[in-house]
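All of the numbers you see were taken from the coordinates with simple rules; none came from a lab. Please read these numbers as outputs of a predicted model, since none were measured by experiment. Glycine also receives a Cβ, built like all others from the backbone with ideal geometry; neighbour counts cover every protein chain displayed.
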Amino acid sequence: MNFFWKKGTKNKSDEINDELSSDNIKQGLSSYIVDNGLPNVLLEIIKEEVSSSEFSRAFGTDYNAPYSILQLTEKEQQIYQTNRYQPIFSYSHSTIFAFDTELGGFIRYDVEDELDEKDIIVYSWDGLFVNQILFWWECEIPDEEIISIGDYLGLNHTREILRSIYDKTNGNGFKTVDSASQWELEILKRIDGVIQ
């Protein structure tokens, strides 16, 4: 299933159409999530009805439906290969998390970047969040809250990932992007976080 919503010029009737499109997107995504057996927590995220107080406190509605992609026209969506990579949620409307309909895993990308098939990494559900857990830790979200958020998301390796960050950095954070990238590859391998 793929969603194509047309974006028009902005006037009063278009604002109503955009609002209807948002409701239609949420409804379409909800059906897609249920039909494909994706984690139920996604339903709360895209409907902005998050039941975790830690998640809400840390992120508000920063994680939400991927409107920035799904409100594009069919032609505009082609560069994101939405027939294969179905957008399912986003972070701050710029980082898109999508379901790979061929491999049954997940990818993430920035809306500013074109998808290049040779650079795409397909993650498991846990693998998708390794980078996010590091980001949350770097944003000084307390470990207990990160663990609670991981539990809420149905992640199985949050504690192990946090422990690995401390082991690699002595709790001081990674000094370079390269060292963080190397660590991410290692932990992804350890938790079987990459499908392809």
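Miscellaneous remarks
- Test: residue in the stretch 57-76 that is farther than 27 Å from GLY154 by Cβ and polar (S, T, N, Q): yes
- There is no residue in the stretch 16-27 that is under 22 Å from GLY150 (Cα atoms) and free of Cβ contacts under 8 Å to residues at least 24 places away in the same chain.
- Scanning the stretch 45-83 for residues that are buried (at least 17 other Cβ atoms within 10 Å of the Cβ) and under 24 Å from SER148 (Cβ atoms) yields ILE45, ILE46, VAL50, SER52, GLU54, PHE55, ALA58, PHE59, TYR63, ASN64, ALA65.
- Hits in the stretch 77-86 - residues which are in contact (Cβ under 8 Å) with a residue 24 or more places away in the chain and not hydrophobic (A, V, I, L, M, F, W, C): GLN77, TYR80, GLN81, THR82, ASN83, TYR85, GLN86
- Of all residues in the stretch 102-120, those that are over 25 Å from ALA58 (Cβ atoms) and surrounded by fewer than 16 Cβ atoms within 10 Å (Cβ to Cβ) total 9.
- Positions within the stretch 46-70 being within 20 Å of ILE107 (Cβ to Cβ) and either among the aromatic types (Phe, Trp, Tyr) or more than 10 Å from the chain's Cα centre (by Cα) (or both), in sequence order: ILE46, ASP62, TYR63, TYR67, SER68, ILE69, LEU70
- Residue tally, condition crowded, with 21+ Cβ neighbours inside 10 Å and on the phi > 0 side of the Ramachandran plot, over the stretch 129-181: 0
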